[in-house]
Amino acid sequence: MCGRYRAVWCEEDTEGVHTFHVAAEGKPYLLEVAHQGADYRSTTSFSAFDEPLDVRPPADADVLDASAAGR
């Protein structure tokens, strides 16, 4: 993502500052979202736009049935 022109938008609320980076050339893809609060910071970057994503459900043995939790 270095070298890409981007538009930056910041929004502040009671939880902290949220910063959004959007591609300023070509399609306006969301490139990065950052949060800075009193207790923590986080940054999420996005890439590989328009590439196929192989998503599959987990095997039954890997699924936890939480319907009985807390009983």
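The values are calculated or read from the model by the stated rules, or taken from the named source; none is laboratory data. This structure is a prediction, so every number in the text was calculated from the model and none was measured. Note that each Cβ is placed from the backbone with ideal geometry, even for glycine, and that neighbours are counted across all protein chains shown.
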For the stretch 1-26, enumerate the residues that are closer than 15 Å to Tyr40 by Cα and of a type in the set (D, E, K, R). Glu12, Asp13, Glu15
Boolean, Ala38 is modelled with pLDDT of 95 or more and small (Gly, Ala, Ser): no
Could you check the stretch 56-71 and list, in sequence order, the residues that are within 28 Å of the chain's Cα centre (by Cα), outside any helix (DSSP H, G or I) and at pLDDT below 90? Leu64, Asp65
Show the residue pairs meeting these rules: Cβ distance below 6 Å; 6+ apart or different chains; first residue within the stretch 37-59 and within 17 Å of Glu11 (Cβ to Cβ); second residue among the acidic types (Asp, Glu). Gly37/Glu15
Residue count for the stretch 17-54, restricted to those that are under 21 Å from Gly3 (Cα atoms), under 11 Å from the mean Cα position of the chain (by Cα) and surrounded by 11 or more Cβ atoms within 10 Å (Cβ to Cβ): 9
Find the residue count for the stretch 2-14, including only residues that are surrounded by 12 or more Cβ atoms within 10 Å (Cβ to Cβ) and assigned to a loop (DSSP other than H, G, I, E, B). 1
